[in-house]
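The values are calculated or read from the model by the stated rules, or taken from the named source; none is laboratory data. What you are looking at is a predicted structure, and each value in this text was computed from that prediction instead of being measured. Because the Cβ atoms are built from the backbone with ideal geometry, glycine has one as well, and the counts that use them run over all protein chains shown.
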Amino acid sequence: MANKVSLTVNGRSVQREVEPRTLLATFLREHLGMTGTHIGCDTSQCGCCTVLVDGDAVKSCTMFAFQANGTSITTIEGLASDGRMHPVQAAFQEHHGLQCGFCTSGMVMSIVELVEKYDGLDEASVRELLDGNICRCTGYHNIVKATLAAADVYRSGSAAATHTDTLLRS
Ligand code: FES
Ligand code: FES
């Protein structure tokens, strides 16, 4: 039996019928064509599938699509605004926070939550808070540098408007 879900994805209202077993990650990729959300393990280990659900970073392979009914979701496709990268994306580019890129969308979404919610991030806390996102290429060093750089942008206040706009649109 299909469930009807109604939610907002990257600022767009979406209504679909989904099977009860459909994972949110599958829904985003296969029903909505948003393949920026990756699936690396399907067992809640890697974090590649991370999206924001009502502003909280969530591994979308751990949630059924019908459980997202009524929520507001932001995926990697929803971060850039008016042709400008989100500050976390820009920091990844500047500090070369990626190699193959497979983990990157989930990593970026987790970091958006971090820089939005936590003050006083330092290298140790970033490494601890990103524990749920696995990268097999980079050794994490540049990811941590990019996170701290994006956190500085947030602390200076120049990113707050951009991201708040993003979340409000989603
Ligand atoms: S695919 Fe969701 S945590 Fe790996
Ligand atoms: S950049 Fe390749 S897995 Fe992270």
Original post:
Which one is nearest to ligand 1 (Cβ to nearest atom), of the residues in segment 94-113 that are in a helix (DSSP H, G or I) and in contact (Cβ under 8 Å) with a residue 40 or more places away in the chain?
Top reply: GLY106
Original post:
So which residues in segment 43-69 are more than 16 Å from ligand 2 (Cβ to nearest atom), outside any helix (DSSP H, G or I) and more than 13 Å from the chain's Cα centre (by Cα), if there are any at all?
Top reply: THR43, SER44, MET63, PHE64, ASN69
**OP:** Give me the pairs, please: first residue somewhere in segment 36-65 and near ligand 1 (Cβ under 7 Å from one of its atoms), second residue anywhere and charged (D, E, K, R) and at pLDDT 95 or above, beta-carbon distance under 8 Å, and either six or more positions apart or on two chains.
**Re:** ILE39/ARG29; SER44/LYS59; GLY47/LYS59; CYS49/LYS59
Subject >> Restricting segment 70-81 to residues that are part of a strand (DSSP E or B) and of a type in the set (S, T, N, Q), the residue that is nearest to ligand 1 (Cβ to nearest atom) >> reply: THR74
Original post:
Taking the condition crowded, with 19+ Cβ neighbours inside 10 Å and at pLDDT below 90, does ALA150 pass?
Top reply: no
Original post:
So which residues in segment 90-123 are within 16 Å of ligand 2 (Cβ to nearest atom), crowded, with 19+ Cβ neighbours inside 10 Å and either more than 16 Å from THR74 (Cα to Cα) or outside the structural domain of LEU148 (by TED's automatic domain parsing) (or both), if there are any at all?
Top reply: ALA91, PHE92, GLY97, LEU98, CYS103
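I'm checking my understanding of the structure. Among residues of segment 10-41 that are in a loop (DSSP other than H, G, I, E, B) and of a type in the set (S, T, N, Q), which one is nearest to ILE134 (Cα to Cα)?
This residue is THR37.
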Subject >> segment 133-145, residues that are within 15 Å of ligand 1 (Cβ to nearest atom) and either under 21 Å from GLY78 (Cβ atoms) or in a helix (DSSP H, G or I) (or both) >> reply: ASN133
**OP:** Could you please tell me which pairs satisfy a Cβ distance under 7 Å, a separation of 6+ or placement on different chains, a first residue in segment 139-157 that is on the phi < 0 side of the Ramachandran plot, and a second residue that is within 16 Å of ligand 1 (Cβ to nearest atom)?
**Re:** ILE143/MET107; ILE143/CYS135; THR147/ILE111; ALA150/ILE111
Subject >> One residue from SER110, SER125, SER81 being at pLDDT 95 or above, among the polar types (S, T, N, Q) and within 24 Å of THR35 (Cβ to Cβ) >> reply: SER110
**OP:** Answer yes or no as to whether ALA68 is of a type outside the set (Val, Ile, Thr), without any contact (Cβ under 8 Å) to a residue 40 or more places away in the chain and closer than 24 Å to SER6 by Cα.
**Re:** no
